Amino acid sequence: MSVDIQPALNGRASTWLRRQLSRPGSSLLSLASGGLALAILWIVTDWLVLAAVPPFADPAACAEAAGACWPFWVEKSRFILFGTYPFDEQWRPMLVSFLLLGLSIATGQMAVSGRWLDIRLFAALWLAGMAASFVLMGGSVLGLVPVDANRWNGLPILLILSTIALALALPVGVLLALARYQTRHRLLHRAAGAYVEIMRGVPMVTLLFVGVFVLPLTLPKGIAIDPIVAVLIALVFFHAAYFAEDVRSGLMALPAGQHEAASSLGLGFWQTARLVLLPQAIERAMPALVNSTIGAYKDTSLVVILGLHDLSATARMAFSDVAWGNQALEAYVFVGAWFLISCSYLSWIGRRLAARAAKGRSLKASR
């Protein structure tokens, strides 16, 4: 039996047309936005494909081309990713990058699905990944060639400083939030509050300089600290203050009856926090936590002022080569694409978590 779908299509088209005519201002804005999007898409397509120099063409053709110079990406992508790390040993920073990305993606997927590993196993995996990253990058053990930290460049240093700092800063921030939330121990409450306000009132650049140049001076004679470790410590303590306020906002949003009900059941403070308060508080604070995570991830690029060459610094080094001096745009497009993809993934995680939380609240309300 055949079904004529033309009347249905005509009905939908007329309904859509009537809706647009009833809102001319909104329709014109939508039309203008669509036209702008198409114009941008055409410009990007023309630059990347139509007017671009093919990947394996003569690099000399890039001087006259109006589009992208794909030979630059073919030649310099490995340098942008790994910088001055010894060429024959670049499998090590590549492995570190896959390791940290894998841990980060697995954490995000577990958060979205709600199916977490045992907390001790989860923490052990992250600690093992952190230790393996430093062992692989530094060498000197297990027969690995030693590589000075000054040659840790590009993507691995970005991931080490961002993912490890965030993984350590979140639990510290949760503890600070709980310390500031409770009022039984007034000294602890005020100390946590003072710490958070001081960290939020100091620019991150200042704290980075303190970590690299002042912290080593406070150590006993004969004890040195690697600049990367010093920067990592500074980032952990800085971002922990912001995570603390995000989590505390979730705690303050909870009804007072939650804590009182847990106390009436004989639960102690830590049991109440772990079983009752934190799951709900983190759910409510998730948009703020995701926003702080994305901001902290991007701000890691500020370490370039300390002489640490992250992805943006190696991109600048790539087009500083005399042969590729006109390819600054290509270099920064490479970096921008990386940050766009990674930050979009973090935003997607945040939206999925918010949708799952909203669905859970609607199911509870319907019961």
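Tabulated data
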| quantity | calculated |
| --- | --- |
| Verdict on A224 being open to solvent by 20 Å² or more (accessible area, probe 1.4 Å) and of a type in the set (A, V, I, L, M) | yes |
| Condition broken by F237, with the remaining ones in (1) in contact with a Leu (Cβ under 6 Å, 6 or more places away or on another chain); (2) surrounded by fewer than 22 Cβ atoms within 10 Å (Cβ to Cβ); (3) under 30 Å from P93 (Cβ atoms) satisfied | (1) |
| For P203: the one exception among (1) open to solvent by 50 Å² or more (accessible area, probe 1.4 Å); (2) more than 18 Å from S292 (Cβ to Cβ); (3) of a type outside the set (D, E) | (2) |
| Filtered residues of segment 76-121 (kept if of a type in the set (S, T, N, Q) and either in contact with a Lys or Arg (Cβ under 6 Å, 6 or more places away or on another chain) or surrounded by 11 or more Cβ atoms within 10 Å (Cβ to Cβ) (or both)) | S77, T84, Q90, S97, S104, T107, Q109 |
| Some residue of segment 296-316 being surrounded by 15 or more Cβ atoms within 10 Å (Cβ to Cβ) and free of Cβ contacts under 8 Å to residues at least 12 places away in the same chain | yes |
| Qualifying residue in segment 348-366 (condition: buried (at least 16 other Cβ atoms within 10 Å of the Cβ) and without any contact (Cβ under 8 Å) to a residue 24 or more places away in the chain) | no |
| Close pairs from segment 186-213: first closer than 23 Å to Y297 by Cβ, partner open to solvent by less than 50 Å² (accessible area, probe 1.4 Å) and among the acidic types (D, E), Cβ under 7 Å, at least 6 apart | V196/E245 |
| Filtered residue count, segment 245-268, keeping only those that are closer than 29 Å to I233 by Cα and open to solvent by 40 Å² or more (accessible area, probe 1.4 Å) | 3 |
| Residue list for segment 51-68, restricted to those being out of contact with any Phe, Trp or Tyr (no Cβ under 9 Å at 6 or more places or on another chain) and open to solvent by 50 Å² or more (accessible area, probe 1.4 Å) | D58, A60, A63, E64 |
| Close pairs from segment 146-160: first free of Cβ contacts under 8 Å to residues at least 24 places away in the same chain and more than 16 Å from S97 (Cα to Cα), partner assigned to a helix (DSSP H, G or I) and open to solvent by 10 Å² or more (accessible area, probe 1.4 Å), Cβ under 7 Å, at least 6 apart | P146/G138 |
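Every residue, every condition in (1) touching a residue at least 60 places away in the same chain (Cβ under 8 Å); (2) part of a helix (DSSP H, G or I), yes or no:
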position	(1), (2)
L48	no, yes
G67	no, no
E75	yes, yes
R78	no, yes
Y85	yes, no
F98	no, yes
G102	no, yes
M110	no, yes
L121	no, yes
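The values are calculated or read from the model by the stated rules, or taken from the named source; none is laboratory data. It should be emphasised that the depicted structure is a prediction, and the values quoted were computed from it without experimental measurement. FYI the Cβ positions are ideal-geometry reconstructions off the backbone, even for glycines, and counts take in every protein chain you see. Side chains are part of the model used for accessible areas, which takes the heavy atoms of the whole protein and leaves out ligands, DNA and RNA. Shrake-Rupley method; radii C 1.70, N 1.55, O 1.52, S 1.80 Å.
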